Every structure is written in structure tokens, then in C-alpha cells.
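The values are calculated or read from the model by the stated rules, or taken from the named source; none is laboratory data. Quick caveat: nothing in here was measured; it's all calculated off a predicted structure. Counting neighbours? That spans all protein chains shown, and the Cβs are built from the backbone with ideal geometry, glycine included.
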Amino acid sequence: MTGTSPDLTRWSATDLAAALAVGEVSAVEVTRAHLDRIAAVDPEVHAFLHVGADGALAAARAVDDARAAGRPLGPLAGVPVAVKDVVTTQGLPTTAGSRILAGWVPPYDATLVTRLRAGGLVLLGKTNMDEFAMGSSTEHSAYGPTHNPWDLERIPGGSGGGSAAAVAAFEAPLAIGTDTGGSIRQPAAVTGTVGVKPTYGGVSRYGLIALASSLDQAGPCARSVLDAAALHEVIGGHDPRDSTSIDAPAPAAVEAARRADVRGLRIGVVRELGGDGYQAGVRTRFDESVQLLVDAGAEVVEVSCPSFEYALAAYYLILPSEASSNLARFDAMRYGLRVVPDGVDAPTAEQVMAATRDAGFGDEVKRRIILGTYALSSGYYDAYYGQAQKVRTLIARDFEAAFGRVDVLMSPTTPTTAFRLGEKLDDPVAMYLSDVATIPANLAGIPGMSLPAGLADEDGLPVGVQLLAPATHDARLYGVGAALEAMLLERWGGPLLDRAPALPTTAPTREGVA
């Protein structure tokens, strides 16, 4: 067990679970340690939008009482978890990073939150994100950006930068993210953590505030492949309340991770996800990861997926179109922000709606609503949205052909390491290119994982390597990912996060947790 340090925030989730199970530590002790860590470092990192300290401690006490009474508990009972603020949580605010939902407290839990609570995990709070999950840097949050724990002047990725940063900053051992075009995997890559996008429908979307319904998928964020596997098993599985849910149990992810072996596996390197535009340090770490797999007995071949060239363009027609439809529900009539236009004595519903949406939505959300409404408009639907869906079919066929030759596909997760805050805010297209390697998996609905491959020589920042598997074969990702992780840990002499610079801290006070 790695838990020899008195600092419980440095322990892995699986080590914490083992220590809790035998009474070495209590859930209250573990929870207090993480709440104190949040109070100490989050003023600089800003990973959290809301921390429910009282509720977390109450949940921890309930776990300790249940354990003392000998009642059966889940394998992660007492382990803290953070949840992206696009997932509804009864009793905790859910804003999706937007002013239009400021202060909204849902009357129900998302299915995955219900499963977290039933498993005895302790919800610490809600993490920051790009507004309605629209962004690649967490700079589009209405409540201010999150900072990368490796360098506070750099982005933590997006849209789920808050979840990845919370894990990287040791504020939480586990977190929940959502991935529409890379929003779990891209933040994992730039923060030196592990992030998994499950097969579409493998984790219930009931209770997720929708961005693009055919693309959104919740999944685990962690500091190791095994920890991610354990969390995936808690939240995965069929949900009759979600019409897109796969009628199958959660994958045997933990067993696959513990049985890690790549001997005899065929691994395909995707020609179209590399080359020009990829930072030299990213390519070097990726090539080294490929060689490690070869040395371990895997067969590596190059595969071509020519339709991937059009994935980014197709995605940025499909996503805004679905977002335009989904965000129409925020009309100031039922819940959330309501703004009455100035100078109007008896405003109509349309005037209130227009004033509210103008004040409540940020620039990026407005940009994508306009794009999506245009793409769906009469006379343009077939030329834009319809054509994009045809490209989506071609991408799925490319994956099918590739998986006919290989067991797993592999690429860099992102073209570059974390860029500086503000560097790409005025260039949306440059921002969108951050997701060029992750988007194809969402369009096809297949599972993907990002894990740390090392540090780039140019800037000493984390590099991620991406693994992709056929739909419903999520367990395969955990087996290959755990094997590669073990080889990379040996190469780098331990976890990359041990090399991260110390964060500035303030005195931990319970009053400082808002």
C-alpha cells in the first residue's frame, strides 16, 4: 500500500478504500483532509464552484456508522469524489458554469450521483467548467477560469478542467467529468491525470444538463488507471430512465486493470492523428509509449482513417445544432435567471426571454447557438447538418475497418501541452483544434482513455496518450492502459504528479470553504 504518508490527500482511491475497509482510517478523517486541502489550495486553483462541507462530513459519518454496524458497503465507500457542475445534485447547486442557472439547486440527483451515494462515496462538491461544456480551457466559465496545478498561468483543459484540476491538485482522489468532444480526455492530458470516456450509453445521461445529446457521455477522472476503473464500475450500467442507455452491466474494468497484459495485442497508430501541428515534445513522448508497448510484446501497426480529416468540421456543425435545440429550454419562464428588459413597462414573454438569454449566456454559448440555429434553418439543414451526419457515418466506418485489423487504436490525446490562459480566447478556431484527436471517438460513440505519457522536453508540462477501443469494449482500455501505465511509471520513476511544483497554500479553515 502506498498510504504510508500521513497526508491522506496523496493516497490513491484504491488505497484509501483498502484502509477504510480495515479501519486504518475513518471516512470522516479522509473527508476532513480533503476539505482542508481544498480550503488551502483552491483559492489559487479554482477547481470548485461549490463545496458542500457539511453534507460531505455527514455522508462520511454515515459511512463510518454503517461500517461500525457491520452493514455491507460498496468497494469505494468513504472515498471522496468531486462532480462536474453539469451533473444535477439534489441539495447542491448546479449551474453548468453559467449565469443563467446561478443559484439553482436541483430537486433530484442524476443517476450517476444516485449510484455514487448508494456506493458510499462522499461528494465533496461541484467542479468548475466551461459554460454548458462549451470550451477547451475552462476559461468560458461565468465564474472565472480554473488554473492548471502544474502552472497556474496555464489552462487545465476543458470543458471539464475543474474536475481534472481537483484530482491533479490532490483536492479529490476521484472526480466525474463529461466528454462531448474530449472534455474528460483533453483535461486529463494537460494535467497529468487519467480520464476515460465510456462507450456512449455505458453510463447513464439521466440528470446531465444536455449540450449535444448524441455526443455527451459522463465518465471517471482519477490519478491512476485502476482508480478510474473502480469509479467506472460504480457509475456504469443500464438505466431505464435513459433511452440511450445500453442494456448491459458495467464493464469488468477493475479485473481488466489488475490483469494488465499487452502480449499478442494488435495496436494501431492512427496516421491522421499526428504529424503537422503536433508539438515536438508530444510526439516524442507518444513515440516512446508506442515503443514500450512493442517491447512488452504488442504488435504495433499504422492504420489510416481518412475521414478523420473532416471530423472537426462535422463536429462543429452537429454540436452547435444540438446545443441550439437543447438550450432553448432556458427561457426564463420556469427556473433559473429572469431579467426584465429596461424601459419596458409590461414586457412580453419574448422580451423577457431575449433579455434573460442575452444577460445569462456567455459569448461562446451565444456563438454556438447562432451557428447551430443557422445550420438547422430551412434551406441549410441538408447542406450543413445533413452533410455532417454523413461524415459521421464515414468516421464510424473508418473505426469499424480499423478495429477489423487491430484491438486498440492509439494517438496523442492533444496536439500540444497546456497553453497559457488567454492565449487562444480571441481565436475560437485555434481553441477548437485542441480537440482534433479526441472528437472522432465521440462521433462514433466508442470508448477512449487518456493517461500520462510523461513531460514535454520544451516546457516540462504533462503529455497524454490516448487509447481507443471498439464500442462496449471499455474493459480492453483498462487492461492496455494499466499495462502501459506500469511501464511509464517505471520509466519516469513514479507518478508524474510527484514532479509537479508545490501549490501556494492558505491556512485551512472550514469557513474558507464556500
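If residue 9 passes every condition in (1) touching a residue at least 40 places away in the same chain (Cβ under 8 Å); (2) of a type in the set (Ser, Thr, Tyr); (3) within 24 Å of residue 204 (Cα to Cα) but one, which one does it miss?
Condition not satisfied by residue 9: (3).
Just checking, how many residues over region 124-152 are surrounded by 24 or more Cβ atoms within 10 Å (Cβ to Cβ) and in a strand (DSSP E or B)?
Residues that pass the stated criteria total 5.
Inside region 46-55, can you point out the residues that are surrounded by fewer than 24 Cβ atoms within 10 Å (Cβ to Cβ) and either in contact with a helix residue (DSSP H, G or I) (Cβ under 6 Å, 6 or more places away or on another chain) or among the hydroxyl-bearing types (Ser, Thr, Tyr) (or both)?
Of all residues in region 46-55, those surrounded by fewer than 24 Cβ atoms within 10 Å (Cβ to Cβ) come to 46, 50, 52-55.
Hit for region 46-55 is 53, nothing else.
Looking for something charged (D, E, K, R), surrounded by fewer than 20 Cβ atoms within 10 Å (Cβ to Cβ), over 27 Å from residue 435 (Cβ atoms) and out of contact with any Gly (no Cβ under 7 Å at 6 or more places or on another chain) - is there at least one such residue anywhere in region 97-116?
Checked region 97-116: no residue is charged (D, E, K, R), surrounded by fewer than 20 Cβ atoms within 10 Å (Cβ to Cβ), over 27 Å from residue 435 (Cβ atoms) and out of contact with any Gly (no Cβ under 7 Å at 6 or more places or on another chain).
Filter the helices (runs of 4 or more DSSP H) completely within region 395-514 down to those with at least 2 residues that are closer than 30 Å to residue 40 by Cβ and not aromatic (Phe, Trp, Tyr).
Per the criteria, 474-492.
How do the pairs read when you match residues in region 456-472 that are farther than 30 Å from residue 407 by Cβ with residues anywhere that are in a loop (DSSP other than H, G, I, E, B) and aliphatic (A, V, I, L, M), using Cβ under 7 Å and keeping only pairs 6 or more apart or on different chains?
Listed pairs, sorted by first residue: 461/418.
From the list 437, 401, 500, exactly one residue is of a type outside the set (D, E, K, R), out of contact with any helix residue (DSSP H, G or I) (no Cβ under 8 Å at 6 or more places or on another chain) and farther than 24 Å from residue 218 by Cβ. Which is it?
The conditions single out 401.
Quick check on this structure: which one of 237, 264, 277, 297 is on the phi > 0 side of the Ramachandran plot, among the small types (Gly, Ala, Ser) and modelled with pLDDT under 95? Write out each step before concluding.
Working: 237 fails: modelled with pLDDT under 95; 264 fails: modelled with pLDDT under 95; 297 fails: modelled with pLDDT under 95.
Unique residue meeting the criteria: 277.
Could we say that residue 178 is among the β-branched types (Val, Ile, Thr) and out of contact with any Lys or Arg (no Cβ under 7 Å at 6 or more places or on another chain) here? Before the answer, list the steps.
Details: among the β-branched types (Val, Ile, Thr): yes; out of contact with any Lys or Arg (no Cβ under 7 Å at 6 or more places or on another chain): no.
When the stated conditions are applied, residue 178 does not pass them.
Only one residue in 162, 158 is in contact with a Ser or Thr (Cβ under 7 Å, 6 or more places away or on another chain), assigned to a helix (DSSP H, G or I), in contact (Cβ under 8 Å) with a residue 24 or more places away in the chain and not polar (S, T, N, Q), so which one is that?
162
State whether the residues of region 273-285 include one that is crowded, with 17+ Cβ neighbours inside 10 Å and within 27 Å of residue 78 (Cα to Cα).
No, every residue in region 273-285 fails to be crowded, with 17+ Cβ neighbours inside 10 Å and within 27 Å of residue 78 (Cα to Cα).
Would you please list the contacts, defined by Cβ atoms under 8 Å and residues six or more apart or on different chains, that run from a residue in region 368-384 that is within 16 Å of residue 327 (Cα to Cα) to a residue that is not in a helix (DSSP H, G or I)?
368/134; 369/361; 374/380; 375/381
Look through 398, 426, 435, 407 and report the one residue that is of a type in the set (Asp, Glu), in contact (Cβ under 8 Å) with a residue 60 or more places away in the chain and surrounded by fewer than 20 Cβ atoms within 10 Å (Cβ to Cβ).
Of 398, 426, 435, 407, the one residue that is of a type in the set (Asp, Glu), in contact (Cβ under 8 Å) with a residue 60 or more places away in the chain and surrounded by fewer than 20 Cβ atoms within 10 Å (Cβ to Cβ) is 407.
If we scan region 491-501, do we find a residue that is surrounded by 15 or more Cβ atoms within 10 Å (Cβ to Cβ), in contact (Cβ under 8 Å) with a residue 12 or more places away in the chain, of a type in the set (A, V, I, L, M, F, W, C) and more than 23 Å from residue 159 (Cα to Cα)?
yes
Determine if region 22-36 includes at least one residue that is over 18 Å from residue 167 (Cβ atoms) and crowded, with 24+ Cβ neighbours inside 10 Å.
Yes, because at least one residue in region 22-36 is over 18 Å from residue 167 (Cβ atoms) and crowded, with 24+ Cβ neighbours inside 10 Å.
Which residues, taken from region 112-123, are assigned to a strand (DSSP E or B) and either at pLDDT below 95 or in contact with a Ser or Thr (Cβ under 6 Å, 6 or more places away or on another chain) (or both)?
122
I'd like to verify a number: residues in region 87-119 that are out of contact with any Pro (no Cβ under 9 Å at 6 or more places or on another chain), farther than 22 Å from residue 213 by Cβ and without any contact (Cβ under 8 Å) to a residue 60 or more places away in the chain, how many?
At the first step, the residues of region 87-119 found to be out of contact with any Pro (no Cβ under 9 Å at 6 or more places or on another chain) are 87, 95-100, 107-118.
Now drop any that are not farther than 22 Å from residue 213 by Cβ, which leaves 99, 116-118.
Next, only the ones that are without any contact (Cβ under 8 Å) to a residue 60 or more places away in the chain stay: 117-118.
Looking only at that region, the number is 2.
How do the pairs read when you match residues in region 42-66 that are in contact (Cβ under 8 Å) with a residue 40 or more places away in the chain and closer than 17 Å to residue 105 by Cβ with residues anywhere that are among the acidic types (Asp, Glu) and buried (at least 24 other Cβ atoms within 10 Å of the Cβ), using Cβ under 6 Å and keeping only pairs 6 or more apart or on different chains?
48/42; 49/85
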